[in-house]
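Taking it in order: structure first as structure tokens, then the write-up.
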Amino acid sequence: MFMKMKNNFQLKIRNMFFVSHNKNRKYIAVLTVLALFTFTGCRHNGITITGTIEGTGKGEHLLLREVKPGILEPVDSVIPDQNGGFTFRAETETPSFYVLSIGSDDFLTLLASPGEKIRITASRRSLASPSEVSGSEGTQIMVDFRNQQQQVIKELENLTKVYNDSILSRRLPLIMDSLDRKAAGIVADFREKAVTLLENNSSSMVSVYLLNQQVVPGLQLFDPAKDPQLYYKVDSLLYAQYPESDLVLDLHNFVTGLRQSVSLTGTSGGTIAVGDMLPDIALPDPDGDTISLSSKRGRIVLVDFWAAWCPPCREENPNLVRLYDMYHYRGFDIYQVSLDQRKEDWTGAIRNDRLGRWVHVSDLKYRDSEVVKRFGLSEIPANYLIDRQGRVIAVNLRGPVLMKKLEELFSQQ
């Protein structure tokens, strides 16, 4: 664990509640925003965010953005007065998340419920650690959580320093073992506290924030494949209360896919082994144009079967992006076949996971897709790596194993 995490400790933590796409698809409720709010209307739905930010520069803009599945877009902006004072007003029907920011890396995530009047006191360049928050219990919980998270990061960074100072030591293997155990203990203790916090707030929108947190960059706090019951519980409680919330609906759709499982059991068909010619595929892309696998002859191709609702498939997608960037110019390509049912889910996952540079096809028939029987698929993710003539080189390689195989293939050229 320590070796996997140590390089990440140097990264700057941007503790925006994000998704993280990803990936098991780590459920990621990503950040977007409604268009400009009308500040008039029913008072009981109004929220007010006021405060003071010490040390703001002349003419600096304070930006308020709302969190919704997709991206962050401005709701409103103000220039703090000479004392750093500011006021925002908005309307919301349900508890909603907002990001208050100055510049690109100074921000605070807020949870505001209809009727709340939130007051914040903070300093420039440390918005994420305000000295005072009042009027929002949810925001206070998130600020306290982040403070604990920063303490964990600091402890892990100290372990990294010990490692760096010991690189030339003959005792390095023993030191590494000790550091690994200490890091694992720190992470396990933090996760245990986070589970308790999640369970105590499972009927609050705070739980959506917690489900999307990382211990350190790249290390998700909760894993939907290992802890699905946490996701099921939060979904059932929040969907009953706030079915109109975009973030809750996004979580609900994810959990629906998680409950379906990645299994495609009940299908039949033959097996395809290394050395076999892979059958051709000809299916529509998102624009409706039929693209055949055979059109990629002359290139080494990864034929990947996946779906937007499949967490492990989504988890592997960042690795595919990296490998495509590394080897595409040398003759590597990806032909990705989706077993989704809804086009919007399929194309949304392509967009959110940044997969648009290679070929995507689907007949949107899930387990009734023609490729399921033809390829004898019993589960996804599944893939075939084929050579330039279309013959199978390897089956179901992922992560570092797939990278090693590509290194081997292209080093021979």
Quickly run through region 57-98 and pick out the residues that are farther than 25 Å from E137 by Cβ and of a type in the set (S, T, N, Q). S77, Q82, N83
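Results for (1) surrounded by fewer than 14 Cβ atoms within 10 Å (Cβ to Cβ); (2) part of a strand (DSSP E or B); (3) not basic (K, R), shown as yes or no for each residue.
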position	(1), (2), (3)
P69	no, no, yes
R89	no, yes, no
E93	yes, no, yes
D105	yes, no, yes
L108	no, yes, yes
Restricting attention to region 224-249, which residues are within 17 Å of C310 (Cα to Cα), touching a helix residue (DSSP H, G or I) at 6+ places or on another chain (Cβ under 9 Å) and of a type in the set (D, E, K, R)? D227
Subset of region 128-159 [under 23 Å from the mean Cα position of the chain (by Cα) and more than 15 Å from F190 (Cβ to Cβ)]: A128, G138, T139, I141, M142, V143
Those residues of region 113-148 which are open to solvent by 50 Å² or more (accessible area, probe 1.4 Å), more than 19 Å from S96 (Cβ to Cβ) and outside any strand (DSSP E or B), in sequence order: R125, S129, S131, D144, N147, Q148
Taking the condition of being open to solvent by 10 Å² or more (accessible area, probe 1.4 Å) and under 12 Å from K233 (Cα atoms), how many residues in region 203-220 meet it? 2
Restricted to region 254-277, and to residues that are under 20 Å from the mean Cα position of the chain (by Cα) and crowded, with 18+ Cβ neighbours inside 10 Å, which residue is modelled with the lowest pLDDT? V262
Only listed residue being over 26 Å from F190 (Cβ atoms) and over 30 Å from the mean Cα position of the chain (by Cα), chosen from P69, P114, P80: P80
Sort out which residues of region 149-188 are surrounded by 13 or more Cβ atoms within 10 Å (Cβ to Cβ) and closer than 30 Å to A112 by Cβ, and write them in order of number. Q149, Q150, V152, I153
Note on region 141-175: residues in contact with a Lys or Arg (Cβ under 7 Å, 6 or more places away or on another chain) and aromatic (F, W, Y) are Y163
In region 189-202, what residues are open to solvent by 20 Å² or more (accessible area, probe 1.4 Å) and not in a helix (DSSP H, G or I)? N201
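The values are calculated or read from the model by the stated rules, or taken from the named source; none is laboratory data. Bear in mind the structure is a predicted one, so any value in this text is a computation, not a measurement. Neighbour counts are summed over all protein chains in view; Cβ atoms, including those assigned to glycine, are modelled from backbone coordinates with ideal geometry. SASA here: full protein model, heavy atoms, side chains in, ligands and nucleic acids out. Shrake-Rupley method; radii C 1.70, N 1.55, O 1.52, S 1.80 Å.
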